[in-house]
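For reference, the structure is listed below as structure tokens.
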Amino acid sequence: MPQKKKYDCIVIGSGAGGAPFAWRLALKGMDVLLLEAGPRYDPYKDYALDKVDWETKGFPYRTRIKYAFGDSQTLDNKYNNIKSWNKASGTLNRSDKRKYLEYQMVSGVGGTTLHFQGEAHRLHPSAFRMRTLFGVAEDWPIGYDDLEPYYLEVEKIIGVAGPSGIPSRKRSEPYPLPAHKLSYASQVIENGCKKLGVELLPNSVAILSQAYRDTAPCNYCNGCAWGCPRKDKGTVDVTFVPLAEKSGRCEIVTNAFARRIEVEKKRGVKRAKGVFYYDKSGKEHFVEGAYVAVACGAVETPRLLLNSGINQNGLVGKNFMETTYYLAVAFHPKRLDAYRGIPIDSVIWKWNEPNSKQGSHGGFRLFPTAGSAVGPVNYALRYYDGWGEEFVKNAEKWFGHAMAIGGIGEFLPNKDTFVTVDEKVKDQFDVPVAKIQSFLGESELKTLDFMAKTSKEILKASGADEIVEEFSTYDFFNASHVFGTCRMGKDPAKSVVGSDLRSHEIGNLFVTDASVFPSSGGGDAPSLTIEALSLRAADLLADKIKKG
Ligand SMILES: Cc1cc2nc3c(=O)[nH]c(=O)nc-3n(C[C@H](O)[C@H](O)[C@H](O)COP(=O)(O)OP(=O)(O)OC[C@H]3O[C@@H](n4cnc5c(N)ncnc54)[C@H](O)[C@@H]3O)c2cc1C
Ligand code: SF4
């Protein structure tokens, strides 16, 4: 239960967008209430990596927010070469429609960063100007230089290890930690890249390469997606949340699901008055806030706003962008043990600039990874055919031999891709759930096709024998990076919030999560940008209040 009835600011959602905003305002002397729908996880107790059956356990979700899916896209046969398959099961989607798997969101203190791989990227400067440069998506109302000081500050808080010389990302200071060394499997791929004249650079990651934040360095167990049991990954719960709590002005209430933002109209002007939320037992509460910030992620933020009757020019939920993803796994004649190391220790940035390839807009990046080859269960389920003795022989021969290249690329907004609420499907609190509908455009299909072709060339040049698995978002929706449903922009007719993340419609309401992205970037991991935007918005608000 909150200690007070009224706060200077109520922040809803404690992920990459919510916690930094809450911390900064608390630091500036405001009394902040942070409402989080999920529980608090204890990294030392709750994660599965030290359990015998860790591989089948995955991330230990304790609560999940319910959502629904809309219409499915009919697959275009022209791209059947990028259908998902593996050696053990064959084609994974045998229908002619794209299948919805899941929106991989974590509900808990720290949000989806608890599950993330620790990649910490700055966006390519051209990715902020997609409309001006290529006539697609929309320009950001700010650019790389506006975010540079905030990128730097966040990198220091979360502890980013990275190299110098990532293309086009001008830095005013080096990364706070030295880059991680490449795993053996990545070195094999680096040699393949060299043969093709492609540069592979160490990745920039919020994973400790040296002792930092009073924490010992990473042990290279590759288990980041299971939740780091050592606090080595710069998730929000071990970085911004402790800072917010230390400020003495930020109260965190867990298992508090915000149902509705109360909006009042005084002399023709709308303002957010406070938030109705349910506690774990289903009891409803109301708290008042001078300001309200929504940071529930790009699916739950539009749901909350729409369920509160807030829909600036009908734009809330539009322009949803998801993850354009491809993975190829191959066997190498040598045992590489690709599961040793951090999950993504290096990146090929060559095609990340939005105009770097023919026929489609937006960039992408490729990276060596263990992919699905994280342990014996996944090997058995995906890569070996045959039964009985033949299966055992295959397992003995091939375990540890898998190598993989993954790729993530730009997703351009389109009219068939959006989030709305489904009045027919309700959650345990009788609140209509978010409905996600996503269709790939020609640009995403071409990007996936190009990623597949290039990844296979690199695997071959690296000495791979046989491809044993391909997975792509051509035939499956399986989003981990989502954006765009409350776009930021200068023009209130085309956007929901301004460059300060303040709602055009309601002056004391903010959206401080990935919903505000006008374009998705060329496969860059988004959390660093979300956190930088969030700190910037908090500074702008605090300055305005100070000036009266
Ligand atoms: C497997 C995986 C790997 C990833 N790897 C990376 C990576 O390496 N690098 C990277 O930058 N990004 C990565 N991402 C993406 C990254 O985690 C997200 O982009 C980021 O966490 C989004 O931040 P957010 O603030 O928008 O939302 P979230 O972090 O999802 O936070 C939203 C929070 O709001 C809460 N909430 C929702 N609705 C309500 C409500 N009504 N009331 C109260 N609380 C509510 C939720 O419980 C949640 O805690 C990965 C994601 C996944 C799934
Ligand atoms: S690889 Fe490092 S950061 Fe990731 S879970 Fe293991 S110890 Fe933690």
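Step through the table entries 265/424; 99/415; 195/393, compare each Cα-Cα distance with 27 Å, and write down the pairs that go over it. Over 27 Å apart, Cα to Cα: 265/424; 195/393. Across q = 0.12, 0.23, 0.24 Å⁻¹, the range 236-350 modelled as identical point scatterers on its alpha-carbon atoms has Debye log10 I(q)/I(0) values of -0.72, -1.39, -1.44, in the order of the q list.
If one takes the longest principal axis of the Cα atoms in the chain, at what angle in degrees, from 0 to 90 and to the nearest 10, does the Cα axis of helix 184-196 lie? Result, in degrees: 80. Between residue 45 and residue 415, residue separation times 0.36 nm minus the direct Cα-Cα distance comes to 128.8 nm. Toward the positive end of the charge dipole of the chain, with +1 on the Cβ of Lys and Arg and -1 on the Cβ of Asp and Glu, the farthest Cα among 88, 113, 512 is that of 512. Spin-label pair residue 425-residue 133: with each label point 7 Å from Cα along the Cα-Cβ axis, the two points sit 3.6 nm from one another. Normalised by the number of residues in the chain, the mean separation of alpha-carbon contacts (under 8 Å, six or more apart) gives a relative contact order of 25 percent.
Close amide H partners of residue 508, meaning residues 5 or more places away or on another chain with modelled amide H under 5 Å apart, are 272. For the range 1-124, the fraction of C-alpha pairs more than 17 angstrom apart is 73%.
Amide H contacts of residue 421: 435, each under 5 Å away and 5 or more positions distant or on a separate chain (H built 1.01 Å from N in the peptide plane; Pro and chain starts excluded). Centre-to-centre separation between the Cα atoms of the range 257-328 and those of the range 133-148: 25 Å.
Only beta bridges with both residues in the chain are counted; by DSSP, about 70 percent of them are antiparallel.
Please work out the C-alpha center-to-center distance from the range 153-228 to the range 430-483 and express it in whole Å. Cα centroid to Cα centroid, the span is 23 Å. Look at the Cα gyration tensor of the range 242-287: its axes a ≥ b ≥ c give a/c of at least 1.5 with a/b at or below b/c, and that counts as oblate. Here the 3J(HN,Hα) profile of the range 513-527, calculated from phi with Karplus coefficients 6.51, -1.76 and 1.60 at θ = phi - 60°, is 10, 5, 4, 7, 4, x, 8, 8, x, x, x, 5, 5, x, 4 Hz, Gly and Pro shown as x.
Simple point charges give the picture: +1 on the Cβ of Lys and Arg, -1 on the Cβ of Asp and Glu, and for the range 77-132 a dipole about the Cα centre of about 360 debye. Neighbour counts of C-beta atoms inside 10 Å place 138, 284, 245, 119 in the sequence 284, 245, 138, 119, starting with the fewest.
Between helix 442-461 and the chain there is an angle of about 40 degrees, using the helix long axis and the longest principal axis of the Cα atoms. Which residues make up the longest stretch of the chain that has no chymotrypsin sites (Phe, Trp or Tyr not before Pro) in a DSSP loop with at most 13 other Cβ atoms within 10 Å? The segment 45-386 is the longest one with no such site. Cross-link pairs exceeding 26 Å between alpha carbons, from the set 5/28; 87/460; 156/318; 170/460; 83/194: 156/318; 170/460; 83/194. Farthest toward the dipole's positive end in the range 6-546, which of 308, 186, 412, given Cβ charges of +1 (Lys, Arg) and -1 (Asp, Glu) about the Cα centre? Farthest towards the positive end: 308. What shape does the range 194-296 have by the C-alpha gyration tensor, where a ≥ b ≥ c are the square roots of the eigenvalues, rounded means a/c under 1.5, and otherwise prolate means a/b greater than b/c and oblate the rest? Because a/c hits 1.5 or more and a/b exceeds b/c, the range 194-296 counts as prolate.
In the chain, the longest principal axis of the Cα atoms and the axis of helix 18-27 are about 50 degrees apart. With a Förster radius of 25 Å applied to the beta-carbon distance between residue 286 and residue 156, the computed FRET efficiency rounds to 0.10. Calculated [222 nm] ellipticity per residue, helices only, for the chain: -7000 deg cm²/dmol; basis is -39500 (n - 2.57) per DSSP H run with n ≥ 4, divided by all residues, nearest 500.
Rounded to the nearest 20 debye, the dipole size of the chain about its Cα centre is 980 debye, using +1 on the Cβ of Lys and Arg and -1 on the Cβ of Asp and Glu.
Taking a ≥ b ≥ c as the square roots of the eigenvalues of the Cα gyration tensor, the range 125-244 is oblate, since a/c reaches 1.5 or more and a/b is not larger than b/c. If contacts are Cα pairs under 8 angstrom and at least 6 residues apart, what is the relative contact order of the range 1-136 in percent? Taking the mean separation of contacting Cα pairs over the length of the range 1-136, I get 25 percent.
With a simple spin-label model that places each label point 7 Å from the Cα along the Cα-to-Cβ direction, the separation between residue 271 and residue 4 comes to 1.6 nm. Under the simplified labelling scheme, the residue 311-residue 71 pair shows an inter-label distance of 1.8 nm, with each label point 7 Å from Cα along Cα→Cβ.
Read-outs: derived from the displayed coordinates by stated rules, not from any lab. Treat the numbers as computed from the prediction; the structure is a model and nothing was measured. Neighbour counts run over all protein chains shown; Cβ positions are idealised from the backbone, glycine included.
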